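Reading through the structure tokens given below for one structure.
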């Protein structure tokens with residue numbers, strides 16, 4: 001597909017500019033051994049450049065695109081709508097409740113039929129992530145109406 005070639009070449013050009021111009025001019029050289037301040041930006045740029053090359057190559061090997069079916073267009077729209085509602089709800093309800101509801105909606109949208117299973121998985125994943133980020137990593141999670149209840153259960 002022609003657009004993949006253009007995007008891949010654009011990504012490769014961006015990576016070359018970043019690697020040879022932006023990183024040397026914006027990040028000072030500090031002699032800290034192997035891992036200095038330029039280490040992660042350089043290797044991230046190299047990884048993106050490799051992906052740009054692969055995207056460019058795949059653009060020449062792709063068959064002509066088939067138009068997306070209405071079902072996939074509907075699913076894409078619903079996922080985007082759910083993402084917007086999730087971001088808005090997280091401010092008022094905190095992290096736990098919107099995350100559980102969002103995971104349940106996503107699993108329903110993608111075909112999970114067993115309600116008990118998807119509810120249990122959603123609650124388990126959200127609570128494990130909450131404990132990891134809030135307690136282990138000591139990060140502030142969005143607080144909501146039910147935050148005191150969840151904090152009391154986790155301590």
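Read-outs throughout are calculated quantities, based only on the coordinates presented, and are distinct from any laboratory measurement. These numbers come from a predicted model, not from an experiment. Cβ coordinates were reconstructed from backbone atoms using ideal geometry, including for glycine residues, and neighbour counts include every protein chain displayed.
Values as computed for the structure displayed
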{"item": "Using alpha-carbon coordinates, inclination of helix 2-17 to the longest axis of the chain, degrees", "result": "70 degrees"}
{"item": "Distance (nanometres) between label positions extended 7 Å along Cα→Cβ at residue 109 and residue 127", "result": "2.5 nm"}
{"item": "Angle in degrees between helix 70-93 and the longest Cα principal axis of the chain, rounded to the nearest 10", "result": "70 degrees"}
{"item": "Per-selection metrics, the chain (Cα): Rg and Dmax in Å", "result": "22.1, 57"}
{"item": "Tilt relative to the chain, helix 115-130 - C-alpha long axis, 0 to 90 degrees, to 10", "result": "60 degrees"}
{"item": "The chain: calculated mean residue ellipticity at 222 nm from DSSP helix runs of at least 4, using -39500 (n - 2.57)", "result": "-22000 deg cm²/dmol"}
